[in-house]
Amino acid sequence: MNSYTIFEKLKEKSSTTNEKIIKFYDEATEDYEFWSKDFNMHFGYYIPFKTNFLKRDTMLNQMNDQVFDRLQPPKQNAVVVDLGCGMGGTIRHGLRKYPLLHIIGVSLSNFQVTEGNKRLKNMNGLLLEENFCDTTFASNSIDGTYAIESFCHAGHSFDALKEAHRILKPGSRLVIADAFLKKEENELCIGDEYCYNQLCKGWSLDGLGNINTVHKHLERIGFKNIHIEDISFRVAPSVLHVPFATIGFILKKILKKQEIQPQSWKNLKGSLFALLSGLHMKSFGYYLVTAEK
Ligand SMILES: C[S@@+](CC[C@H](N)C(=O)[O-])C[C@H]1O[C@@H](n2cnc3c(N)ncnc32)[C@H](O)[C@@H]1O
């Protein structure tokens with residue numbers, strides 16, 4: 001293989017389509033129960049003496065708390081939207097905290113919407129099969145919105161941020177918890193670029209936005225009071241759970257004599273490259289972004 005082909009191969013990042021995202025989540029969502037009994041499909045937030053480093057769900061649920069603390073939704077007669085809601089783990093957590101709130105989640109995956117709604121019975125929550133870049137919510141109608149590890153599927157695109165701004169009532173907030181690049185894609189060194197491309201392929205991500213570009217986009221769209229926090233060190237303890245969770249998942253499958261499906265392998269690969277990318281702290285960071293309309 002000549003050097004040009006190697007370079008092209010390393011650069012090859014299968015750009016994600018909604019079909020790929022749907023296939024991935026329709027088939028791999030059940031695996032996440034192994035990651036979180038509460039079906040949190042994200043990393044956690046570690047606070048010494050408050051969360052338990054050995055109990056993953058305490059950190060994952062703390063991430064939910066951190067998002068709601070920044071969102072500051074009105075406690076009643078209000079509607080909050082979860083943009084890219086997974087199985088509704090964060091919604092259930094939020095509704096236990098604010099039982100009089102209404103939270104609507106949107107996801108591309110029919111499996112997540114059907115199964116997630118079963119888990120929201122008797123709660124003020126509802127999941128809809130919609131695209132967060134083009135929702136059916138009326139403009140200026142929503143009291144708060146958040147996106148946890150979901151906008152990365154759309155490369156933290158201008159369209160996704162703009163849609164969040166459109167649906168929010170003036171004065172209400174968008175909170176994003178996600179990994180971002182600290183530089184442009186073309187500035188990554190070859191090792192970082194390889195991890196990044198494998199991460200995107202594994203998890204069907206369109207790419208991670210550059211945090212500085214996302215900041216500029218938020219300003220251009222009209223958000224104000226934009227607050228960007230690098231929480232990489234808070235997130236790291238839960239990322240370190242990845243190898244143990246991965247080995248446990250594979251062993252369980254072997255013991256139960258179950259085959260590991262292609263989308264599950266993709267998920268495992270995405271998780272391992274998330275861990276490797278996380279080690280390259282000059283290029284990648286995990287942030288909480290809060291912005292007000
Ligand atoms: C890693 S999961 C995170 C789920 C959830 N936020 C959580 O933390 O548990 C990513 C979610 O984003 C959703 N998603 C990705 N692209 C989407 C899009 N364009 N519109 C709506 N949902 C999308 C997926 O269906 C999935 O539910």
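Treating each Cα of the stretch 234-293 as one equal point scatterer and applying the Debye formula with no solvent, the log10 of I(q)/I(0) at q = 0.30 Å⁻¹ comes out as -1.24.
With all pairs of different C-alpha atoms in the average, the Kirkwood value for the hydrodynamic radius of the stretch 81-120 is 10.0 Å.
Annotation for the stretch 212-280: trypsin sites (Lys or Arg not before Pro) lying in DSSP loop with at most 11 further Cβ atoms inside 10 Å of their Cβ are Lys256, Lys257.
Please give the contour-minus-distance gain from Asn52 to Glu259: 0.36 nm per residue of separation, less the Cα-Cα distance, rounded to one decimal in nm. Let's see the in-between values first.
Numbers: separation 207, 0.36 × 207 = 74.52 nm, distance 3.25 nm.
Net length gain for the segment: 71.3 nm.
Candidate cross-link partners of Lys118 among the aspartates and glutamates, defined by an alpha-carbon separation under 19 Å and a same-chain spacing of 8 or more, comprise Asp26, Glu27, Glu30, Asp31, Glu33, Asp38, Asp82, Glu129, Glu130. Across the alpha-carbon atoms of the chain, the computed radius of gyration and Dmax are 18.4, 63 angstrom. Split the chain at each of the chymotrypsin sites (Phe, Trp or Tyr not before Pro) in a DSSP loop with at most 16 other beta carbon atoms within 10 Å, and the longest piece is 54-293.
Estimated from helical segments only, the mean residue ellipticity of the chain at 222 nm is -14000 deg cm²/dmol, where each DSSP H run of four or more residues counts as -39500 (n - 2.57). When the alpha carbon coordinates of the stretch 149-191 are projected onto the principal axes, the ranges are 43, 17, 16 Å, largest first.
Counting every C-alpha pair in the stretch 56-97, the share spaced more than 13 angstrom apart comes to 56%. When a/c is below 1.5 the answer is rounded, else prolate if a/b is larger than b/c, else oblate, so apply that to the stretch 163-256 with a ≥ b ≥ c taken from the square roots of the Cα gyration tensor eigenvalues. Since a/c reaches 1.5 and a/b is larger than b/c, the shape of the stretch 163-256 is classed as prolate.
If a spin label sat at a point 7 angstrom from the Cα of Ser232 along the line to its beta carbon, the backbone N atoms of the stretch 249-293 nearer than 16 Å would be those of 274-289.
By the rule of a C-alpha distance below 15 Å, with chain neighbours fewer than 8 residues away ignored, the aspartates and glutamates paired with Lys224 are Glu292. Using a simple spin-label model with pseudo-atoms 7 Å out from Cα toward Cβ, Lys224 and Asn18 lie 3.4 nm apart.
If you scale each eigenvalue of the Cα gyration tensor by 5 and take the root, what three semi-axes come out for the stretch 77-199, rounded to whole angstrom and sorted largest first?
28, 17, 12
Rg/Rh for the stretch 139-213 stands at 1.06; both radii use Cα atoms, and Rh follows the Kirkwood definition. Kirkwood's formula applied to the C-alpha pairs of the stretch 37-118 gives a hydrodynamic radius of 13.3 angstrom.
Throughout, read-outs are computed from the coordinates displayed, never taken from laboratory work. Model, not experiment: these values are computed from the prediction. All Cβ positions, even for glycine, are placed from backbone atoms using ideal geometry, and neighbour counts span all protein chains on display.
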